[in-house]
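Colleague: Sharing a structure below in structure tokens format, with a few things to ask.
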Amino acid sequence: MWKWLAFVAVLAGAWIGALHWPVTSDFIRGRADNNLGVLYSRGLFVRKDPVEAVRWWRLAADHGSAAGQINLGFALQSGSGVAPDETAAAEWYEKAARQGVVEAANNLGTLYANPMTRKPDLVQARVWLKRALRIGDRDLSATIADNLATLERDMSGAEIVRSNEVLATPYP
């Protein structure tokens, strides 16, 4: 029953975005646009089209949807439907992480620790993994803690001190 209701909610959100109804709430519009991106990325009820998925996720992200920001960040990181751009991916992950989304903070920390196209930034990796732990998520906490322990073994004492200084300053 709940799966059916969730499915109907996804479709309702998708139709709002597809019909371009004048939705006044950025939150609702962002969710609808993100849902459309998911449909295109998976080929559900529409032809699978990663480029079209990215287009909808960008609209969702621009409307402040954390889910859209994470999906766009992942597409940019992986190069699915768009040219890979780790810098842009990090920016979108950070926007979602600043909304308190643990998955985004974890993705950002992991991206800083294991980039494909640039030198790792272990200080920022530790900062964002620590923030992910602070946000908290029962399902992800053990994985994040393991990733953090592995990262800290590769860090110098000075890098840990620098990351602690960053963590001591509040962020919006």
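The values are calculated or read from the model by the stated rules, or taken from the named source; none is laboratory data. Small disclaimer: the values here were computed from a predicted structure and weren't measured. No Cβ is skipped: glycine too gets one built from the backbone with ideal geometry, and neighbour counts run over all protein chains shown.
Colleague: Can you work out which of the residues in region 113-172 that are among the hydrophobic types (A, V, I, L, M, F, W, C) and in contact with a Pro (Cβ under 9 Å, 6 or more places away or on another chain) is nearest to Asp85 (Cα to Cα)?
Modeller: So the residue we want is Met116.
Matching residues to (1) part of a helix (DSSP H, G or I); (2) modelled with pLDDT under 95; (3) among the small types (Gly, Ala, Ser); (4) on the phi > 0 side of the Ramachandran plot:
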site: Pro115; (1), (2), (3), (4): no, yes, no, no
site: Lys119; (1), (2), (3), (4): no, yes, no, no
site: Val123; (1), (2), (3), (4): yes, no, no, no
site: Val127; (1), (2), (3), (4): yes, no, no, no
site: Asp137; (1), (2), (3), (4): no, yes, no, no
site: Ala142; (1), (2), (3), (4): yes, yes, yes, no
site: Asn147; (1), (2), (3), (4): yes, yes, no, no
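Colleague: While we're looking at this one, here's another question. Does Leu133 qualify as being of a type in the set (A, V, I, L, M) and under 20 Å from Ala89 (Cβ atoms)?
Modeller: Against the criterion (of a type in the set (A, V, I, L, M) and under 20 Å from Ala89 (Cβ atoms)), Leu133 does not qualify.
Colleague: Checking Leu108 against (1) crowded, with 20+ Cβ neighbours inside 10 Å; (2) hydrophobic (A, V, I, L, M, F, W, C); (3) over 22 Å from Leu122 (Cβ atoms); (4) at pLDDT 90 or above: exactly one of these is not met. Which one?
Modeller: It is condition (3) that Leu108 fails.
Colleague: Condition check: closer than 19 Å to Lys95 by Cβ, of a type in the set (A, V, I, L, M, F, W, C) and touching a Leu at 6+ places or on another chain (Cβ under 6 Å). Does Leu148 satisfy that?
Modeller: Judged against the criteria, Leu148 is not a match.
Colleague: Separate question: Identify the residue in region 34-76 that is assigned to a loop (DSSP other than H, G, I, E, B) and within 17 Å of the chain's Cα centre (by Cα) and, among all such residues, is surrounded by the most Cβ atoms within 10 Å (Cβ to Cβ).
Modeller: In this case the residue turns out to be Ser65.
Residues checked against (1) over 11 Å from the mean Cα position of the chain (by Cα); (2) over 16 Å from Leu140 (Cβ atoms):
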residue	(1), (2)
Pro84	yes, yes
Trp92	no, yes
Arg98	no, yes
Val101	no, no
Ala113	yes, no
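Colleague: If you don't mind, another one. Quick one: is Leu140 more than 18 Å from Ala88 (Cβ to Cβ), without any contact (Cβ under 8 Å) to a residue 24 or more places away in the chain and buried (at least 17 other Cβ atoms within 10 Å of the Cβ)?
Modeller: When the stated conditions are applied, Leu140 does not pass them.
Colleague: On to the next question. Give me the pairs, please: first residue somewhere in region 91-116 and closer than 17 Å to Ser78 by Cα, second residue anywhere and in a loop (DSSP other than H, G, I, E, B) and of a type in the set (D, E, K, R), beta-carbon distance under 7 Å, and either six or more positions apart or on two chains.
Modeller: Final answer for the pair search is Tyr112/Asp121.
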